[in-house]
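The values are calculated or read from the model by the stated rules, or taken from the named source; none is laboratory data. All values reported here derive from a predicted model rather than from experimental measurement. A quick note on method: Cβ atoms are made from the backbone with ideal geometry, for glycine too, and the neighbour counts reach across all protein chains shown.
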Amino acid sequence: MKIGFIGLGIMGRPMALNLLEAGHELKVWARRPESMAPLLAAGAAPGENPADLGSWAELVISMVADAPDVRQVMLGEQGLACRPRSGLVAADMSTIAPVAARAIGGDLAAAGIDFLDAPVSGGEAGAIAATLAIMVGGSQAAFDRALPAFAAMGKNIVHVGASGAGQVAKAANQVVTGMGVLAVAEAFNFARQSGVDPARVREALLGGFAHSKILENHGQRMLERNFKPGFKAWMHQKDMNIVMATAFELGVMLPGAAATAQLFNAMVGQGLAEKDSIALLELLEQLSGR
Ligand code: NAP
């Protein structure tokens, strides 16, 4: 199918390459020419702006940063809603607040565009391997139309519910992964401060109930002290902010997520924003004074 793609960063670049690999026709747009270059080299066509993609494609995907960015590329000046092709579906795969996704979906519906919120989990590795978990909110008809594209980028594709439901699932995902990163970092810091090799502790824990992908993959990178992003700390802070703002609106208590959010705030304050979020280990080490 004809697909437009906006946002060719750590996640968007491999996702777009997988769409090409699966035989879809691709037109891309990015603010910076250097972000577009690898896609053009692989056979994608260059778009002039998001409006150009919206008038050409059957499906336009965005993988940008936060809600204002999604609103800008979809509904801003030269946004994809300027002169949309009839029947256009817009799928935002960034992580943004559920309330923002519903509002953007409503505004796009007024322009005749079907909107899906379709955030992902699985990280850069999942994006490269086309094994992302994709959690989708929106109409069944739009989901069915976008499914061939999602299938080229992910494995576990779930239509969670109505508009915003995909972002609610993703926020829940970030509660689990945020606390998961904290749990593994705390365990490793605790082991090391106790004079025990965290690598041996990880090996022992992987055989029991503490086993998780976070202990396995992120734990290994923590041991290697490989804090190259991956998933930038300021992005995880953004996601915990989404979680806490949504909980505040609903009057829901999330004590674990609240503590984790504070630690990601501290990471940004300590100048660790551009490192991978697993550099939380460094913060805990600093706070332990050793
Ligand atoms: P990234 O490497 O910073 O890439 C974001 C891309 O979006 C950049 O290429 C940037 O363009 C573009 N962009 C941002 N704002 C824009 C705007 N207003 N107009 C046009 N382009 C804009 O970030 P990422 O890690 O790929 O993350 C993207 C999204 O996926 C985020 O919402 C994140 O929370 C989510 N996510 C990330 C991961 C992960 O492991 N990294 C996992 C799951 C979900 P330029 O190239 O011009 O700067």
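Within the set Leu280, Leu254, the sole residue that is closer than 20 Å to Arg221 by Cβ and modelled with pLDDT of 95 or more turns out to be Leu280. Among the residues of the stretch 106-134, those identified as within 11 Å of the ligand (Cβ to nearest atom) and in a strand (DSSP E or B) are Val120, Ser121, Leu132, Ala133, Ile134.
Would you pick out the residues in the stretch 124-160 that are in contact (Cβ under 8 Å) with a residue 60 or more places away in the chain, buried (at least 20 other Cβ atoms within 10 Å of the Cβ) and closer than 28 Å to Gly76 by Cα? Matches in the stretch 124-160: Ala127, Ala146, Ala149, Met153. Where helices (runs of 4 or more DSSP H) fall entirely within the stretch 179-290, those with at least 1 residues that are within 16 Å of the ligand (Cβ to nearest atom) are at 219-224, 233-250, 255-269, 280-288. Residues that are crowded, with 19+ Cβ neighbours inside 10 Å, among the aliphatic types (A, V, I, L, M) and part of a loop (DSSP other than H, G, I, E, B) within the stretch 6-49 comprise Leu8, Met11, Ala30, Ala44, listed in sequence order. Can Met36 be described as in contact (Cβ under 8 Å) with a residue 12 or more places away in the chain and under 26 Å from Met244 (Cα atoms)? It is false that Met36 is in contact (Cβ under 8 Å) with a residue 12 or more places away in the chain and under 26 Å from Met244 (Cα atoms).
Here Leu250 clears all of (1) more than 25 Å from Gly269 (Cβ to Cβ); (2) free of Cβ contacts under 8 Å to residues at least 12 places away in the same chain; (3) within 17 Å of the chain's Cα centre (by Cα) except the condition numbered (3).
Filtered by the rule that a residue be closer than 9 Å to Leu80 by Cβ and either within 14 Å of the ligand (Cβ to nearest atom) or assigned to a strand (DSSP E or B) (or both), the stretch 55-70 gives Val60, Ser62. In the set (1) of a type outside the set (A, V, I, L, M, F, W, C); (2) surrounded by fewer than 22 Cβ atoms within 10 Å (Cβ to Cβ); (3) over 17 Å from the mean Cα position of the chain (by Cα), Gly54 fails one condition alone, (2). Apart from one condition, Lys155 fits all of (1) assigned to a helix (DSSP H, G or I); (2) not assigned by TED's automatic domain parsing to the domain that holds Phe227; the exception is (1). From the list Ala187, Ala165, Ala183, Ala171, the lone residue that is in contact with a Ser or Thr (Cβ under 7 Å, 6 or more places away or on another chain) and buried (at least 16 other Cβ atoms within 10 Å of the Cβ) is Ala171.
Per the conditions (1) within 13 Å of the ligand (Cβ to nearest atom); (2) without any contact (Cβ under 8 Å) to a residue 40 or more places away in the chain; (3) farther than 19 Å from Ile134 by Cβ, the sole criterion not satisfied by Gly47 is (2). Condition check: out of contact with any His (no Cβ under 6 Å at 6 or more places or on another chain), buried (at least 22 other Cβ atoms within 10 Å of the Cβ) and touching a residue at least 12 places away in the same chain (Cβ under 8 Å). Does Leu75 satisfy that? In short, no.
What about Asn173, is it touching a residue at least 40 places away in the same chain (Cβ under 8 Å) and under 19 Å from Phe227 (Cβ atoms)?
Details: touching a residue at least 40 places away in the same chain (Cβ under 8 Å): yes; under 19 Å from Phe227 (Cβ atoms): no.
In short, no.
Against the list (1) among the hydrophobic types (A, V, I, L, M, F, W, C); (2) free of Cβ contacts under 8 Å to residues at least 24 places away in the same chain; (3) surrounded by 16 or more Cβ atoms within 10 Å (Cβ to Cβ), the condition Ile3 fails is (2).
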